[in-house]
Amino acid sequence: MGNTNESIMQQWKRNSILFLGSQSISLFGSSLVQYAIMWYVVLNTQSGIMMTIYILCGFIPTFILSPFAGVWADRYDRKKLIIISDASIAFVTLILAIFFLMGFESLWLMFLIAAVRALGTGIQTPAVGAILPQFVPEDKLTKVNGANGSIQALVMLLAPMASGALLGLASIEIIFFIDVITAAIAIIIFLTMLHIPAHKKVTEDEQVSYLADLKKGFIYINNHEFLKKFFLFFALFFILAAVPSFLTPLQVTRSFGDDVWRLTAIEVAFSIGMMIGGVVIATWGGYKNKIHTMALGSFLFAILTFGLGVIPNFTIYLVLMAITGVTMPIFSTPATTLLQEKVEPEYLGRVFGVVGMISTSMMPLGMLIFGPVADIISIEWLLIGSGLLMFVAGFFLIGSKVLLNAGKPKIVKES
């Protein structure tokens, strides 16, 4: 029995390392493309409206697909779904590279490819969120999610530097080809080395329509007061977070200078902060009540957003951006872990599908509001206002008995 337990422990650790490693390799290539396209739009237009169009192209397809992708993640093999989405994103990136090599360097082509890549992300996100509890013990989820946050932050640290360097030394299509190669490596790891058993629903021969499965998912959420309040806060948070998330590159080009190194610097600073934050939450584990940890991250993020709107010095601005990065894993890791712990395995995909819907609809909604406004009033004022509103919204977390009860740790009975 002891040997069996030891074998299981070794297996989940091995699978976690391979899974996080393959996802990080894939993320690196995708991030290179993301920064290349975003900076192409920012540097060539310096327009809040163009940035809004780019953001909408990158989010709306994910929003539309997320509820169906959630059903797929609950119905089909999540490992295969991740492979299919990675392959699809790599394929459209290859097409974009070929078009650029042929001389078709259209801004609208960038928007189209961003939309197609978003479809792949829509399939992948619920599957990734739901697959971890299949091979990670519940008491290790916070540690693995925290480690995942740190690894992703490290990748996001390297990606803007590499993207900036490559844009200065080579043509943009080189970046597109790198994304194709990294996706291929990730897929090979998944196919040949990662052994994750299919979840229960996959093995059941149950003939249920997509709409019936989708309806069951929404009924499940509606019957859980915790999930309704949780998603309500998420929606409000993501609308307000659109300002610091998407308008800060535009703010930097307007207020500090339109150099690529400045755009690289803010991404690097934020990523270093996220990496540190991931290590902190993985080591510390957060407060016993996960809602308290989320509230701490929310309040800090709000204060720092306010700060980004009032700091006139670029060096201090970078320091604040780094600290802002620290707060993100402190907020997002307990949020993800809480869902993985509280939601039944057969509904996890659909619940993470709704998370995807909220994140991909509320942030573009925020950009629809704040993007055009950013061409009329200064982004600094938008940061100050959104920071104040986020701080007030944070009290919703600690003021809700339903959320606080859901965030409490499970009482483990000693045998």
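List of remarks:
- Filter result (open to solvent by less than 60 Å² (accessible area, probe 1.4 Å) and more than 21 Å from LEU214 (Cβ to Cβ)) within region 71-94: LYS79, ILE83, ASP86, ALA87, SER88, ILE89, ALA90, VAL92, THR93, LEU94
- Scanning region 379-410 for residues that are open to solvent by 50 Å² or more (accessible area, probe 1.4 Å) and not in a helix (DSSP H, G or I) returns LYS408, PRO409, LYS410.
- Test result for VAL268, at pLDDT 85 or above and among the β-branched types (Val, Ile, Thr): no
- Test: SER298 is over 30 Å from THR45 (Cα atoms) and either acidic (Asp, Glu) or under 17 Å from the mean Cα position of the chain (by Cα) (or both): yes
- Every listed requirement among (1) assigned to a helix (DSSP H, G or I); (2) open to solvent by less than 50 Å² (accessible area, probe 1.4 Å); (3) under 28 Å from LEU154 (Cα atoms) is met by VAL319 save one, (2).
Residue by residue, here is whether (1) in contact with a helix residue (DSSP H, G or I) (Cβ under 9 Å, 6 or more places away or on another chain); (2) modelled with pLDDT of 85 or more; (3) closer than 25 Å to PHE270 by Cα holds:
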{"position": "ILE113", "(1), (2), (3)": "yes, no, no"}
{"position": "ARG117", "(1), (2), (3)": "yes, no, yes"}
{"position": "VAL128", "(1), (2), (3)": "yes, no, yes"}
{"position": "GLY149", "(1), (2), (3)": "yes, no, yes"}
{"position": "LEU167", "(1), (2), (3)": "yes, no, yes"}
{"position": "ASP179", "(1), (2), (3)": "yes, yes, yes"}
{"position": "ILE187", "(1), (2), (3)": "yes, yes, no"}
{"position": "THR192", "(1), (2), (3)": "no, yes, no"}
{"position": "ILE196", "(1), (2), (3)": "yes, no, no"}
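- Selected residue (criterion: farthest from the chain's Cα centre (by Cα)) from residues of region 322-365 that are among the small types (Gly, Ala, Ser) and at pLDDT 85 or above: ALA322
- Pair list, Cβ < 8 Å and 6+ apart or interchain, from region 184-213 residues that are assigned to a helix (DSSP H, G or I) and of a type in the set (Gly, Ala, Ser) to residues that are modelled with pLDDT of 60 or more and surrounded by 16 or more Cβ atoms within 10 Å (Cβ to Cβ): ALA184/ALA90; ALA186/SER22; ALA186/GLN23; ALA186/ILE25; ALA186/SER26; ALA186/ASP86
- Matching residues, region 273-303, being open to solvent by less than 20 Å² (accessible area, probe 1.4 Å) and either of a type outside the set (Gly, Ala, Ser) or without any contact (Cβ under 8 Å) to a residue 12 or more places away in the chain (or both): ILE281, ASN289, ILE291, THR293, MET294, PHE301
- Residue among PHE63, PHE19, PHE68 that alone is open to solvent by less than 10 Å² (accessible area, probe 1.4 Å) and either at pLDDT 80 or above or assigned to a helix (DSSP H, G or I) (or both): PHE19
The values are calculated or read from the model by the stated rules, or taken from the named source; none is laboratory data. What you see is a predicted model; the values in this text were computed from it and never measured. Neighbour counts are summed over all protein chains in view; Cβ atoms, including those assigned to glycine, are modelled from backbone coordinates with ideal geometry. Just so you know, the surface numbers come from the protein's heavy atoms only, side chains and all, with ligands and any DNA or RNA stripped out. Shrake-Rupley method; radii C 1.70, N 1.55, O 1.52, S 1.80 Å.
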